[in-house]
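Structure first, commentary second.
The values are calculated or read from the model by the stated rules, or taken from the named source; none is laboratory data. Since we're looking at a predicted model, the values are computed, not measured. So basically every Cβ, Gly included, is an ideal-geometry build from the backbone, and we count neighbours across all protein chains shown.
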Amino acid sequence: MKMLSTLQTPRSLSRFSLLLPSAVTTTTSSHFSSNSLPHASLSDQSTAVPPQSQILSIRHSLLSRQVTAVDLAQSYLTRLRLTEPQLHSFLHIPDDSAVLAEARELDRRIDGGEEVGPLAGVFVAVKDNICTADMPSTAGSRILQGYRPPFDATAVKRVKELGGIIVGKTNLDEFGMGSTTEGSAFQVTSNPWDVSRVPGGSSGGSAAAVSARQCVVSLGSDTGGSVRQPASFCGVVGLKPTYGRVSRFGLMAYASSLDAIGCFGSSVADAGILLNAIAGHDKFDATSSKQDVPNFLPHFVSESSLGSKPLKGLRVGLIRETIDDGVDSGVISAIREAALHFEELGCSVNEVSLPSFSLGLPAYYILASSESSSNLSRYDGIRYGNQVFADELDSLYGNSRAQGFGSEVKMRILMGTYALSAGYYDAYYKRAQQVRTIIRNSFKEALNQNDILISPAAPSAAYKIGAKKNDPLAMYAGDIMTVNVNLAGLPALVLPCGFVDDGPAGLPVGLQMIGAAFDEGELLRVGHIFEQTLNKFRFVPPIVADSIA
Amino acid sequence: MASTIFRTFKVHLFPLYPPSLLKITNGVLFFTTTQQSQTQQHHQNPQKQTKKVSASASATSTQSKKLDKIPKDYEPIIGIETHVQLSTLTKAFCSCPYNYGSHPNTTICPICMGLPGALPVLNSKVIDFAVKLGLALNCRLAFNSKFDRKQYFYPDLPKGYQISQFDVPIASGGYLDVDIPVEFGGGHKRFGITRVHMEEDAGKLMHTEIGNYSQVDLNRAGVPLLEIVSEPDMRNGIEAAEYAAELQRLVRYLGVSNGNMQEGSLRCDVNVSVRPIGQSKFGTKVEVKNLNSFASMGRAIDFEISRQVQLYSQGQDDQIVQETRLWDEGTQRTITMRKKEGLADYRYFPEPDLPAVIISQEYVDNIQNSLPELPEIKRRRYEKMGLSMQDVLFLTNDKNVAEFFDATVAKGADAKLVANWIMSDIAAFMKNEKLSINEIKLAPEELSQLIASIKGGIISGKIGKEILFELLSKGGTVKGLIEEKDLVQIVDPLEIQKFVDKVIAENPKQLEQYRGGKTKLQGYFAGQVMKLSKGKANPGLLNKILLEKLNSKS
């Protein structure tokens, strides 16, 4: 475990709110008393160094030979094994030997003075709806149990080409349909901040894995908030790129016009570096953009080099409708504090109204369900996946799908099929598309007057496992903050900005920053400065401290 | 990879496609001028033109008989949906090749197999071809169109939807001009084209003969198609078959498809209804499938018309229901395949994996300018050259034949003579040797030379034919062959007179008979002289001199 002390930021393991010192002290001290943490002390938190890029520090340690890739791999594998029984982030973890062999090969190349890629030795977890040729890819669905794709998704291929080591496939709501990861056909993932709570979803496994440092970064997918909401729940950075920025080739489609592969990291820089690796045009995805991908690295300057007002002149719009009724007061105050922080950094913060905001949710559920009803037609039991034998074709289809799909998936297929049916198309699908255009335009207008828009990433912090399982409408309502961004195809960055006082160590709250299309660079620059200057809080969950202990 | 993923699935009842009906029957064509194999065989030489007409007409007598049976008080309405498989090098949305007859599941990839995570990327050639055909069919083009998903479940449809075009087809509102062959009454017809749209083909189901399961071959899945929907403008089987034949000609001229019906590269589904004359409302339409040749198409339609008229005239028109019927070549009947209960809901919606199809005027202009001379324009031009419609139809049927004709005429040869040569000896040779016009050794300039040599009296027509076969099979030049074989016609009267004298001297008996009044023997003498001259004597001179000699009393 010596490794970790060199790589990990100083372990300021919980929140520390300067505004509520007494409350915090109570919470944190009770937490610390139950877990003896030799390296942690309360004093760390007030003087804590902001989160640093794990990817850059790994690169530095490896190339300077302070550490070997094998040592590094072993430390991650050890923590993964240690935490996984509590978290269940992964659906598939390859043999240690395979991972260690990759690490050994990397060491050999570094020792031999060979060039290694920018992700060399970086442990990357991949959401299980993203195809990997050498591991099963199930999308969390019974219908694809044991399915192994014959190809790597383009994003995975690029990660591998740049030296990343795929550490496993993470859990998700079946086909990405859900907001808690309880919708997985195989297991429920826990939130590293409180194992009795959901990690969010649908990329809950990828978010939890990064939060618990089971990997360095991870890939998720975001159709209506499936990267951003779990990032918020798990206290990590989640980046949903512009639609078309990252190839969808190899991402098992949920709603093709909304789907985006996104990145999780424990720092803005890591999410940005991962995006740099996977972004760009792909000839296998006709909807991938040909726009150049700038190098984001120059944005990730050290805190010390920032002036006193590093974001002077930046116009920040706080979306009024997102801090309204129905949003937890703790979340609202965390976001208002974040707004104050922006002002401290020199920004002008104004509330902006997006009147069409509330239209997003129904439009999203119609469009996403419609597209999913079509995208999931291929799971018919004929060519691959689970086949339930029958004497007759229709029964083969019916039984294979009845037994292969979970209830949430079936519900969305039914809704989508209905919405696309003759006679209903105009009232539902077409109307939803019109709403989509309105939303896109209103974002465009708001982004003409503001450089970035901010909002909570979710109306609440992580809730208890089972709390919304039988109330789909309540769960759908939780997507209100994020779905509009997918409808508009815009990039958004979620980073932890504060806590609500709940759970054993407080629960993180995520701030969503929305930017103009293909302007991820600006989001990353602003997000990085916000993160590096937010000295009040650290977002390392207790389970990491437990595993270190 | 395929072998690990594919598997057979057992299906007891496959009500949609009885195996026996899926076998490809090689329909032989008898009644139209539109198929090469048929047209070639009827042209032995230019002098026997009439033979072709009678051959065709006799073959169609059954057709006309059937037509005659249709009471005059009913009007048949026929519309045709044609699927044309495009001859692009790769499939519509992936880089797999498609070769008809390949071993099952050997030209497939994750994309055309519809594996999870695979995405379609449009082969731009598909748009090129669609625009070409759209222009050739005089259509309006959609400068901003899109793809849609047509959704239904079937084992040959790997994604559970077909990528097609729904409400904004790439081309619409055009027409196709057809010249009905003389033997079917002739005349020029214009049939409306409702729309042309792009889509992908499905795979094929292979039904085992004994087993009760089926297997899927996805080689064909994802192959680009153009669907051409006609207006309901045809009134009988001949018109329908000629429309389809013209469409075949067109796609071959354009090079967008091989148009081969037997391989399924050109598939026609026809909608047939009848209504009493004077009624404005259409009758219930019946779809007829499994038409593997123009001949079966014509017969199937005429059968279907008779069937419906009969039901009408017996007051049983309520038994004409919306259904799909299959043409059964064996019994020469249409039989019910499936009834359509209400309209199928394909739940079309815009394909989100593909961007909109946006084309510019400049792009369209470039394609317009690159179009070859189309059959209709060619026919009008040949007509103006003074060729008969029969010649015109023959020559324009095959683009390569037309080009050969044009090239020969361009060298100065008389159009009618060129047509005669091509339609007789050259066509016969190609048929016997099973060669296309591009494969014969004869070059157009040599044919022109040959015609000029005969016309100029350098060689006789008979020798011309001999040379032609040399040229066809071995190549070479007319001049070279004439010199090499010393075939120049003898036009020196003195030399011919020597032959004549010799023949007369050697045949005293025949001479006596001739002079005794049996003047028919002139032919005999002429033959002998020609033989003696090794066929080189100028026939005109020969006859003139021979007559003088035979009739002189010396």
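Some notes on this structure:
- Verdict on A:Lys468 being more than 21 Å from the chain's Cα centre (by Cα), more than 15 Å from A:Cys234 (Cβ to Cβ) and modelled with pLDDT under 95: no
- Verdict on B:Ile459 being β-branched (Val, Ile, Thr) and part of a helix (DSSP H, G or I): no
- Scan of region B:334-358 for residues that are hydrophobic (A, V, I, L, M, F, W, C) and touching a strand residue (DSSP E or B) at 6+ places or on another chain (Cβ under 7 Å), ordered by number: B:Ile335, B:Met337, B:Phe349, B:Ala356, B:Val357, B:Ile358
- Scanning region A:270-283 for residues that are within 14 Å of chain B (Cβ to nearest Cβ), in contact (Cβ under 8 Å) with a residue 40 or more places away in the chain and surrounded by fewer than 22 Cβ atoms within 10 Å (Cβ to Cβ) turns up nothing.
- Residue identified as within 14 Å of another protein chain (Cβ to nearest Cβ) and either touching a residue at least 40 places away in the same chain (Cβ under 8 Å) or under 19 Å from the mean Cα position of the chain (by Cα) (or both) among B:Ala356, B:Ala402, B:Ala419: B:Ala356
- Some residue of region A:386-394 being surrounded by 15 or more Cβ atoms within 10 Å (Cβ to Cβ), part of a helix (DSSP H, G or I) and at pLDDT below 95: yes
- Any chance A:Gly404 is at pLDDT below 95 and either within 10 Å of chain B (Cβ to nearest Cβ) or surrounded by 14 or more Cβ atoms within 10 Å (Cβ to Cβ) (or both): no
- Matching residues, region A:337-385, being assigned to a loop (DSSP other than H, G, I, E, B), within 14 Å of another protein chain (Cβ to nearest Cβ) and among the hydroxyl-bearing types (Ser, Thr, Tyr): A:Tyr379, A:Tyr384
Residue-by-condition table, conditions (1) away from every other protein chain (no Cβ under 14 Å); (2) of a type outside the set (A, V, I, L, M); (3) crowded, with 21+ Cβ neighbours inside 10 Å:
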{"site": "B:Phe294", "(1), (2), (3)": "yes, yes, yes"}
{"site": "B:Met297", "(1), (2), (3)": "yes, no, yes"}
{"site": "B:Ser306", "(1), (2), (3)": "yes, yes, no"}
{"site": "B:Gln314", "(1), (2), (3)": "yes, yes, no"}
{"site": "B:Asp318", "(1), (2), (3)": "yes, yes, no"}
{"site": "B:Val321", "(1), (2), (3)": "yes, no, no"}
{"site": "B:Val364", "(1), (2), (3)": "yes, no, no"}
{"site": "B:Ile377", "(1), (2), (3)": "yes, no, no"}
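- The set of residues from region B:182-203 being among the charged types (D, E, K, R) and modelled with pLDDT of 95 or more comprises B:Lys189, B:Arg190, B:Arg195, B:Glu199, B:Glu200, B:Asp201.
- All told, A:Val167 meets the bar of being assigned to a strand (DSSP E or B) and among the aliphatic types (A, V, I, L, M).
Here is a yes/no grid of residues against (1) modelled with pLDDT under 95; (2) out of contact with any helix residue (DSSP H, G or I) (no Cβ under 7 Å at 6 or more places or on another chain):
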position	(1), (2)
A:Leu367	no, no
A:Leu376	no, no
A:Ala419	no, no
A:Gly423	yes, yes
A:Lys430	no, yes
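- Search result, residues across region A:131-149 that are buried (at least 16 other Cβ atoms within 10 Å of the Cβ), more than 22 Å from the chain's Cα centre (by Cα) and in a loop (DSSP other than H, G, I, E, B): A:Tyr147, A:Arg148, A:Pro149
- Selection from region A:150-187 of residues that are crowded, with 24+ Cβ neighbours inside 10 Å, farther than 21 Å from A:Val236 by Cβ and aliphatic (A, V, I, L, M): A:Ala153, A:Met177
- Of all the criteria given as (1) crowded, with 20+ Cβ neighbours inside 10 Å; (2) assigned to a helix (DSSP H, G or I), the one not satisfied by B:Leu442 is (2).
- Residue within region B:269-281 that is away from chain A (no Cβ under 14 Å), closer than 24 Å to B:Gly101 by Cα and touching a strand residue (DSSP E or B) at 6+ places or on another chain (Cβ under 8 Å) present: yes
- Strands (runs of 3 or more DSSP E) within region B:99-183 that include 3 or more residues away from chain A (no Cβ under 11 Å) and farther than 22 Å from B:Val357 by Cβ: B:171-179
- In this entry, A:Ser190 passes the filter for residues that are polar (S, T, N, Q), more than 14 Å from every other protein chain (Cβ to nearest Cβ), in contact with a Leu (Cβ under 8 Å, 6 or more places away or on another chain) and surrounded by 23 or more Cβ atoms within 10 Å (Cβ to Cβ).
- Comparison of B:Glu512, B:Glu495 shows that the only residue that is exposed (fewer than 13 other Cβ atoms within 10 Å of the Cβ), modelled with pLDDT under 90 and on the phi < 0 side of the Ramachandran plot is B:Glu512.
- Looking at B:Leu119, B:Leu133, B:Leu157, B:Leu141, just one residue is in contact (Cβ under 8 Å) with a residue 60 or more places away in the chain, closer than 23 Å to B:Glu287 by Cα and crowded, with 17+ Cβ neighbours inside 10 Å, and that residue is B:Leu157.
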